[in-house]
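Would you mind keeping the following structure in view while I ask a few things?
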Amino acid sequence: MAAAAFLARGSGAPRALAFGCLRRLHTVYQTAELPETHQMLRQTCRDFAEKELMPLAAQLDKEHRFPAEQVKKMGGLGLLAMDVPEEYKGAGLDYLAYSIAVEEISRGCASTGVIVSVNNSLYLGPILKFGSEEQKHKWIAPFTSGDKIGCFALSEPGNGSDAGAASTVARLDGDEWVLNGTKAWITNAWDASATVVFATTDKSLKHKGISAFLVPMPTAGLSLGKKEDKLGIRASSTANLIFEDCRIPKANLLGQLGMGFKIAMQTLDAGRIGIASQALGIAQAALDCAVDYAEKRTAFGSPITKLQAVQFKLADMAMALEGARLLTWRAAMLKDNGKPFTKEAAMAKLAASEAATAIAHQAIQILGGMGYVTDMPAERHYRDARITEIYEGTSEIQRLVIAGQLLKAYRS
Amino acid sequence: MAALRVLVGVKRVIDYAVKVRVAGGGVQTQGVKHSLNPFCEIALEEGVRLRERGAASDVIAVSVGTRVCQETLRTALAVGADRGVLLEVGEGAAVGPREAAAALAGLVGRLQPHLVLLGKQAIDDDCNQTGQLLAAMLDWPQGTFASRVELEEGAVRVEREVDGGLETLRLRLPAVLTADLRLNEPRYATLPNIMKAKKKPLEIIPASALGVPLPLPRLRVLKLEEPPARGGGQRVQGVPELLERLRSDGRV
């Protein structure tokens with residue numbers, strides 16, 4: 001099979017050897033049988049991630065550089081609007097496909113994974129579900145090809161978990177809404193062309209007085225804060241959105257007045273499947289790295305995979321990953337079948353994010369000193385994994401959601 | 001220029017990244033990941049590009065094998081072939097280049113394509129024979145190891161990678177071409193195309209029903225074993241010692 005050695009797409013033998021071994025490990029790692037379409041899609045995403053993202057990920061992280069070219073290519077593949085129907089220029093697939101795609105992309109580069117996830121679940125998601133026909137054509141179709149991406153502005157400096165206390169306000173002035181306030185921690189802020197933003201329209205109604213709006217970017221009255229200097233996912237931009245008498249047409253209200261909190265919560269339910277998938281991808285990359293290294297590193301006369309201490313770590317890592325993956329797929333499949341999936345999505349996000357941090361932690365441990373330096377990707381996976389326990393609902397919030405849903409089920 | 005009908009052969013092989021193992025006197029294929037032969041991918045990409053340029057009207061993907069080869073054909077449809085044909089053989093049937101070429105020749109008789117595109121070789125057996133045998137069976141011109149393909153009126157200009165460099169041939173159509181590595185860079189199967197592929201026709205025809213008698217197998221595998229494990233390297237002090245060692249090891 002001499003020909004095989006030269007077949008690494010697009011470049012010479014060394015890259016084939018470097019990534020061929022990681023890929024081989026993953027090929028051997030069998031997962032539950034997926035429908036054929038999903039297997040083909042997983043192959044496409046994996047090939048793309050291995051060829052276009054893995055070689056760049058370390059550099060993108062170091063330079064805090066947005067992967068603009070790769071985002072365009074992913075748009076061409078249909079990855080930025082996966083469950084959007086074809087009439088709005090989407091790929092017309094389901095959430096299981098989306099989960100698989102985000103996992104494979106994140107395995108290549110975690111930052112790229114969150115860029116894809118935010119565009120799909122947090123930006124396109126609510127517009128698809130709550131937008132009018134006109135809004136869908138205007139705010140969805142141009143955001144499917146990779147030319148433009150969107151973002152989601154809910155958190156504020158004063159409230160993250162306490163989403164009902166939104167202090168950003170919107171008042172109606174004739175034919176326009178006027179927005180005032182600051183949104184914090186917004187992923188894709190510096191690269192987005194539009195945002196879904198949540199603002200209080202009637203303070204007396206508390207969380208039932210929050211509404212959702214569509215705001216183009218850039219626009220007068222909207223400025224961006226500095227790009228946050230983050231521990232991980234550095235290739236994606238995170239910044240504040242500052243609204244100062246920002247005027248938008250009346251037609252930019254998304255859904256009904258006062259529906260904002262409901263829109264946000266339902267959107268986050270789906271977004272959790274995306275972040276769970278991102279965490280799975282990071283975890284898988286960390287596990288691949290750990291196994292690859294452990295098979296080569298000799299100590300006490302043999303590769304360290306011979307040592308039970310290492311084997312036990314790998315077993316625990318693999319089990320945590322597989323369990324989280326199955327929870328994620330189940331949540332996705334429930335959503336695809338129109339069944340309630342809030343509890344399962346929260347479980348998936350919680351399990352996957354905690355698995356990712358634990359697996360990345362042990363991967364560094366297995367690599368020893370090599371795990372601590374930038375020569376190996378283990379340290380980047382460790383840094384990238386950490387945020388998955390925080391955004392789109394902290395682990396604490398997930399536990400509250402799960403307990404709430406669980407008790408509700410027992411009490412009914 | 002009239003649009004052509006293009007037939008592209010695709011073979012299901014063990015994935016290039018898999019470490020092949022020998023078990024029970026044969027290559028272990030059970031439970032092992034398979035995919036579309038990379039050189040067939042290149043041939044398929046060329047066919048799809050011809051259709052996109054308007055030079056081809058119809059790209060038909062064909063595979064000779066057992067039922068499981070349908071998954072390979074569906075991948076070909078997802079990349080851009082218009083329809084697929086599986087020339088089905090029984091389980092355990094030996095399909096080498098001769099058998100594959102004979103079945104393809106039968107299909108060519110039925111479909112009357114103007115151009116047949118194949119990969120130059122399969123990465124499992126590395127035979128590099130099917131294209132050549134097929135051309136001989138059909139009495140068609142052949143352009144093997146193609147690194148550049150240009151269609152002209154009633155003919156095709158092929159640039160071939162040969163030992164001495166690059167050779168350009170002009171072949172009258174219909175012709176058989178086999179694709180080499182540098183012909184093109186195959187595309188990813190995009191998600192919309194993976195969805196569209198589900199609706200494209202995939203026909204299964206028993207290879208024996210083509211009217212071309214399949215030749216009886218003439219090869220028998222006597223022995224199959226893994227290559228010897230790589231020994232460690234050894235350092236030498238300089239060229240004289242290197243030559244001495246090569247001589248004493250019997251290599252020179």
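Read-outs: derived from the displayed coordinates by stated rules, not from any lab. Fair warning: this is a prediction, and the values are worked out from it, not measured in the lab. We place every Cβ from the backbone using ideal geometry, glycine too, and count neighbours over all the protein chains shown.
Return the tail of the calculated pair distribution for segment A:280-342, meaning the percent of Cα-Cα pairs more than 14 Å apart.
64 percent
Hey, rough spin-label estimate for A:Gln308 and B:Asp249, points 7 angstrom out along Cα→Cβ, what's it come to in nanometres?
In this crude spin-label approximation the distance works out to 4.1 nm.
Additional query: Cα axis of helix B:70-79 to longest principal axis of chain B: angle in degrees, 0 to 90, nearest 10?
70 degrees
Taking the Cβ of A:Ser302 as the center, what net charge do the other residues with Cβ under 14 Å away carry, scoring Lys and Arg +1 and Asp and Glu -1?
Local net charge: +2.
Across 5 Å bins from the origin, how do the percents of Cα pairs in segment B:118-247 run, short distances first?
The percentages, shortest bin first, are 2, 7, 10, 11, 12, 12, 14, 10, 7, 5, 4, 3, 2, 0.
Now for a different question. Is there a simple number for the mean count of other chain Cβ atoms within 10 Å of the Cβ of residues in A:173-183, and what is it?
Shielding by partners across A:173-183 averages 0.
Sticking with this one: Calculated from DSSP H runs of 4 or more alone, at -39500 (n - 2.57) each and per residue, what is the 222 nm mean residue ellipticity of chain A, nearest 500?
-16500 deg cm²/dmol
Okay, next question. Please order B:Ile205, A:Ile115 by the number of other Cβ within 10 Å, starting at the fewest.
Ascending Cβ contact count within 10 Å gives the list B:Ile205, A:Ile115.
In terms of modelled amide H atoms, which long-range or inter-chain residues lie less than 5 Å from the amide H of A:Glu156?
Those qualifying (amide H under 5 Å, at least 5 residues apart or on another chain) are A:Ala184.
Rounded, prolate or oblate: which fits the protein assembly as shown when a ≥ b ≥ c are the square roots of the eigenvalues of the alpha-carbon gyration tensor, with rounded for a/c under 1.5 and prolate only if a/b beats b/c?
Here the protein assembly as shown falls in the prolate category.
Next question. Taking θ as phi - 60°, what are the ³J(HN,Hα) couplings along segment A:117-134 by the Karplus curve (6.51, -1.76, 1.60), each to the nearest whole Hz, with x for Gly and Pro?
Each residue's phi maps through the Karplus curve to give 5, 5, 5, 5, 7, 8, 9, 5, x, x, 5, 5, 7, 10, x, 7, 3, 5 Hz.
Return the sequence-ordered ³J(HN,Hα) values of segment B:34-46 in whole Hz as given by the Karplus equation 6.51 cos²θ - 1.76 cosθ + 1.60 applied to θ = phi - 60°, using x for Gly and Pro.
10, 8, 6, 3, x, 6, 5, 4, 5, 4, 4, 4, 5
Given Cβ point charges of +1 (Lys, Arg) and -1 (Asp, Glu) and nothing else, what value in debye, to the nearest 20, does the dipole of segment B:131-252 about its Cα centre take?
Around 500 debye, computed over segment B:131-252.
Contour minus end-to-end for B:Arg230 and B:Glu167, with contour as 0.36 nm per residue of separation and end-to-end as the Cα-Cα distance?
The span from B:Arg230 to B:Glu167 would gain 18.9 nm if fully extended.
Rounded, prolate or oblate: pick one for segment A:68-113, where a ≥ b ≥ c are the square roots of the eigenvalues of its C-alpha gyration tensor, a/c under 1.5 means rounded, and failing that, prolate if a/b is larger than b/c, else oblate.
Here segment A:68-113 falls in the oblate category.
Mind sorting A:Leu253, B:Leu138 by how few other Cβ atoms lie within 10 Å of their own Cβ, fewest first?
By the 10 Å Cβ count, ascending, the order reads B:Leu138, A:Leu253.
What's the angle, to the nearest 10 degrees (0 to 90), between helix A:54-63's Cα axis and the longest principal axis of chain A?
60 degrees
Could you work out [θ]222 nm for chain B from helices alone, using -39500 (n - 2.57) per DSSP H run of at least four and dividing by all its residues? Round to the nearest 500 deg cm²/dmol.
The per-residue figure over chain B is -8000 deg cm²/dmol.
Next up: Restricting to bridges with both residues inside segment A:137-214, how much of the DSSP beta-bridge set is antiparallel, in percent to the nearest 5?
70 percent
In addition: Would you please report the Å³ per residue occupied by the convex hull of the alpha carbon atoms in segment A:169-263?
Expressed per residue, the convex hull around the Cα atoms of segment A:169-263 is 99 Å³.
Which whole-number percentage describes the relative contact order of chain A, with Cα contacts under 8 Å and a sequence gap of 6 or more?
That works out to 15 percent.
Then there's this: Out of A:Ala194, A:Ala285, A:Leu241, whose Cα points farthest toward the positive end of the dipole of chain A (charges: +1 Lys, Arg; -1 Asp, Glu; placed on Cβ)?
The residue sitting most towards the positive pole is A:Ala285.
A further question follows. Sum up the charges of everything whose Cβ sits under 14 Å from the Cβ of B:Gly109, counting Lys and Arg as +1 and Asp and Glu as -1, but leave B:Gly109 out.
Result for the neighbourhood of B:Gly109: +1.
I'd like to know which of B:Ala146, B:Gly96, B:Tyr188 lies farthest towards the positive end of the charge dipole of segment B:4-248, counting +1 on Cβ of Lys and Arg and -1 on Cβ of Asp and Glu.
B:Tyr188
Now a separate question. Using Cα atoms only, what is the angle between the long axis of helix A:395-411 and the major principal axis of chain A, expressed in degrees (0 to 90) to the nearest 10?
The angle comes out near 70 degrees.
Which residue, B:Val108, B:Val236, B:Val116, has the most motion in a Gaussian network model of chain B that connects Cα atoms within less than 10 Å?
Largest GNM mean-square fluctuation: B:Val236.
Related question: How much length is gained on full extension from A:Ser132 to A:Leu326, taking 0.36 nm per residue of separation minus their Cα-Cα distance?
Numbers: separation 194, 0.36 × 194 = 69.84 nm, distance 3.46 nm.
Length gained, A:Ser132 through A:Leu326: 66.4 nm.
Same structure, new question: By count of other Cβ within 10 Å, fewest leading, how are A:Cys289, A:Cys109 ordered?
The fewest-first ordering by Cβ neighbours comes to A:Cys289, A:Cys109.
I need to check one value: relative contact order of segment B:4-248, counting alpha carbon pairs closer than 8 Å and at least 6 residues apart, in percent.
Relative contact order, segment B:4-248: 24 percent.
What net charge do the residues around A:Lys349 carry, taking every other residue with its C-beta under 15 Å from that of A:Lys349, with Lys and Arg at +1 and Asp and Glu at -1?
0
Something else about it: What distance in nm lies between label points placed 7 Å from Cα along the C-beta direction at A:Gln39 and B:Asp125?
Here the modelled spin labels are 2.4 nm apart.
Considering only DSSP beta bridges with both partners in the protein assembly as shown, what is the antiparallel share in %, to the nearest 5?
Just about 60 percent of them are antiparallel.
For peptide A:34-43, what's the mean number of Cβ atoms from other chains within 10 Å of each residue's Cβ?
Details: counts 0, 0, 8, 7, 1, 4, 12, 6, 0, 9.
Per residue, the number of nearby Cβ atoms from other chains is 5 on average.
Another one. What value in Å³ per residue do you get for the convex hull of the alpha-carbon atoms in segment A:272-412?
Looking at segment A:272-412, the number lands at 102 Å³ per residue.
Could I ask something else about it? Compute the Rg/Rh shape ratio of segment A:199-250: radius of gyration over Kirkwood radius, all on alpha-carbon atoms.
Ratio value, two decimals: 1.08.
Please report, to two decimal places, log10 I(q)/I(0) for segment B:1-131 at q = 0.12, 0.13, 0.15 Å⁻¹ as given by the Debye formula with identical point scatterers on the Cα atoms and no solvent.
Each listed q maps to, in turn, -0.44, -0.52, -0.68.
For segment B:4-248, report the convex hull volume of the alpha-carbon atoms normalised per residue, in Å³, without decimals.
Normalising the Cα hull of segment B:4-248 by residue number yields 181 Å³.
Compare the Cα positions of B:Ala81, B:Gln30, B:Ala209 along the charge dipole of segment B:4-248 (+1 at Cβ of Lys, Arg; -1 at Cβ of Asp, Glu; about the Cα centre) and return the one farthest towards the positive end.
Of B:Ala81, B:Gln30, B:Ala209, it is B:Gln30.
Based on Cβ point charges of +1 for Lys and Arg and -1 for Asp and Glu, what charge dipole magnitude is obtained for the protein assembly as shown about its Cα centre, in debye rounded to the nearest 20?
The calculated dipole for the protein assembly as shown is roughly 700 debye.
Could you work out, residue by residue across B:194-202, how many beta carbons of other chains sit within 10 Å of that residue's beta carbon, and then give the average as an integer? Display every interim value, and only then the final one.
On the way: counts 13, 9, 2, 3, 2, 0, 0, 0, 0.
Counting Cβ atoms of other protein chains within 10 Å of each residue's Cβ and averaging gives 3.
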